[in-house]
Amino acid sequence: MTSRPASVDFHFDVMCPYAYQTSLWIREVRNLTGLEVNWRFFSLEEINRQEGKKHPWEREWSYGWSMMRIGVVLRRRSMADLDAWYGRAGRALHVDGHKPHEKAVARHLLEELGLDPELVDQAIADPTTGDEVMADHQRVVDAGGYGVPTMFFPDGQCLFGPVLVDPPVGEAALRLWDAVAAWTEFPHLYELQRPKTADDEKLIVNTFRPYLEARDWVSINRGRVITFDT
């Protein structure tokens, strides 16, 4: 049996509803096992940018990219601050149906966390925050990745997923963690996928309804991942 990893790098974009669901599960695993979760970034706006449209860093404010730049400033302070920011911003978008991708809301959420709301402006004024987002993003691309959630394990292996809704808790969360970790025993096991039925699609839509109502972009379901047109 594969031993449980002591740490994992979890790449996310706040915009992604699937990554948020998976982040709830990995937080549960952390709470139960002491797993070290290192939060990293990946830009769905950039990976799915259409020819002729601006890169996210070329805009004064980009939805996911700018939220991650705020995350960079927080990560420089501590991983715990970024952990809290992703948890709160993700809940705002994917559960509460609010808009953390708007500056005013982002400032309010930082205040809720006891953090300085001026960090929003500091993050955007500092061009190196974008450099750090891009470095994390490029790490996934260089590994052949194309979306989130993407995890890197201590031995350098990279896995996309698990993609889920209704994240398991307790012993079920640990069984899934053991199943995911077991994939690392098989470096040429590339993909295992469950087709989605009509009932599955209804469940996904109902789960993602707050996000679908709060987003200010178009989501395109390409089968394996949700992509964005902004």
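The values are calculated or read from the model by the stated rules, or taken from the named source; none is laboratory data. Fair warning: this is a prediction, and the values are worked out from it, not measured in the lab. As a convention, Cβ positions derive from the backbone with ideal geometry for all residues, glycine included, and neighbour counts pool all protein chains shown. Surface accessibility is based on the protein's heavy atoms, side chains included, excluding ligands, DNA and RNA. Shrake-Rupley method; radii C 1.70, N 1.55, O 1.52, S 1.80 Å.
Order the following by accessible area, largest value first: Y190, Y211. Probe radius 1.4 Å; ligands, DNA and RNA are ignored.
Working: Y190 175, Y211 0 Å².
Of Y190, Y211, the descending order of accessible area is Y190, Y211.
³J(HN,Hα) across segment 56-65 via Karplus (A = 6.51, B = -1.76, C = 1.60, θ = phi - 60°), whole Hz, x for Gly/Pro?
x, 6, 8, 9, 4, 8, 10, 4, x, 4
At 1.4 Å probe size, with every protein chain present, just tell me what the per residue accessible area of segment 83-230 comes to in Å². If you can, show how the numbers build up before the last one.
Details: 7780 Å² over 148 residues.
About 53 Å² of surface per residue is accessible.
Within a Cβ distance under 11 Å of S43, other residues only, what is the Lys/Arg minus Asp/Glu net charge?
Details: positive: R49, R69; negative: D13, E45, E46, D136.
Cβ neighbours under 11 Å give a net charge of -2.
Determine the gain in length on full extension of the stretch K103-R91; use 0.36 nm per residue of separation and subtract their C-alpha separation, reporting nm with one decimal.
On the way: separation 12, 0.36 × 12 = 4.32 nm, distance 1.64 nm.
Extending this stretch completely gives an extra 2.7 nm.
With N set to the number of residues, divide the alpha-carbon radius of gyration of segment 26-111 by 2.2 N^0.38 Å and report two decimals. Display every interim value, and only then the final one.
Numbers: Rg = 14.2 Å, N = 86, 2.2 N^0.38 = 12.0 Å.
My calculation over the Cα atoms of segment 26-111 gives 1.19.
What do you get for Rg/Rh of the chain when both radii come from the Cα atoms and Rh is the Kirkwood radius?
0.94
Considering only C-alpha atoms, what is the centroid distance from segment 32-70 to segment 153-224, in Å?
That distance is 19 Å.
Return the ratio Rg/(2.2 N^0.38 Å) for segment 1-62, where Rg is computed over Cα atoms only. Display every interim value, and only then the final one.
Working: Rg = 15.6 Å, N = 62, 2.2 N^0.38 = 10.6 Å.
Normalised Rg, Cα atoms only: 1.48.
At a 1.4 Å probe radius, which order do R139, R194, R76, R30 fall into by accessible area, largest first?
Values: R139 85, R194 200, R76 110, R30 60 Å².
Sorted descending by solvent-accessible area, the residues read R194, R76, R139, R30.
Pick from K99, K196, K54: which residue has the top mean-square fluctuation in a GNM of the chain where Cα pairs under 10 Å get a spring?
Greatest mean-square fluctuation among the candidates belongs to K196.
What nm distance separates the two modelled labels at W61 and L174, each placed 7 Å from Cα along Cα→Cβ?
4.5
Which whole-number percentage describes the relative contact order of segment 92-230, with Cα contacts under 8 Å and a sequence gap of 6 or more?
Working: 88 pairs, mean separation 38.6, N = 139.
That works out to 28 percent.
Assuming R0 = 25 Å, what is the FRET efficiency of K196 and L32, from their Cβ-Cβ distance, to the nearest 0.05? It would help to have the intermediate numbers written out before the result.
Numbers: r = 29 Å, r/R0 = 1.14.
About 0.30, to the nearest 0.05.
With a 1.4 Å probe and every protein chain kept in, tell me what percent of the accessible surface of the chain is carbon plus sulfur.
Values: 5580 of 11010 Å².
Its accessible area is 51 percent carbon and sulfur atoms.
Can you list the residues, at least 5 places off or on another chain, whose amide H is less than 5 Å from the amide H of W39, using H built in the peptide plane?
Counting only residues 5 or more places away or on other chains, the set is F10.
For the chain, set up a GNM with springs between Cα atoms under 10 Å and report which of V73, V140, V169 has the largest fluctuation.
For the chain, modelled as a Gaussian network with Cα springs under 10 Å, the answer is V169.
Report ³J(HN,Hα) in whole Hz for each residue of segment 156-163, in order, from the Karplus equation J = 6.51 cos²θ - 1.76 cosθ + 1.60 where θ = phi - 60°; Gly and Pro get x.
x, 5, 10, 10, 8, x, x, 9
Taking every eigenvalue of the Cα gyration tensor of segment 131-201, multiplying by 5 and rooting it, what semi-axes result, largest first, whole Å?
Details: eigenvalues 109, 55, 37 Å².
Three semi-axes, in Å: 23, 17, 14.
Which FRET efficiency, nearest 0.05, do L113 and F186 yield, Cβ-Cβ r, R0 45 Å?
Working: r = 40 Å, r/R0 = 0.89.
With a Förster radius of 45 Å, E is 0.65.
If the only charges are +1 at each Lys and Arg Cβ and -1 at each Asp and Glu Cβ, what is the size of the charge dipole of the chain around the Cα centre, to the nearest 20 debye? If you can, show how the numbers build up before the last one.
Working: 26 positive and 35 negative charges, 62 e Å.
Its charge dipole is roughly 300 debye.
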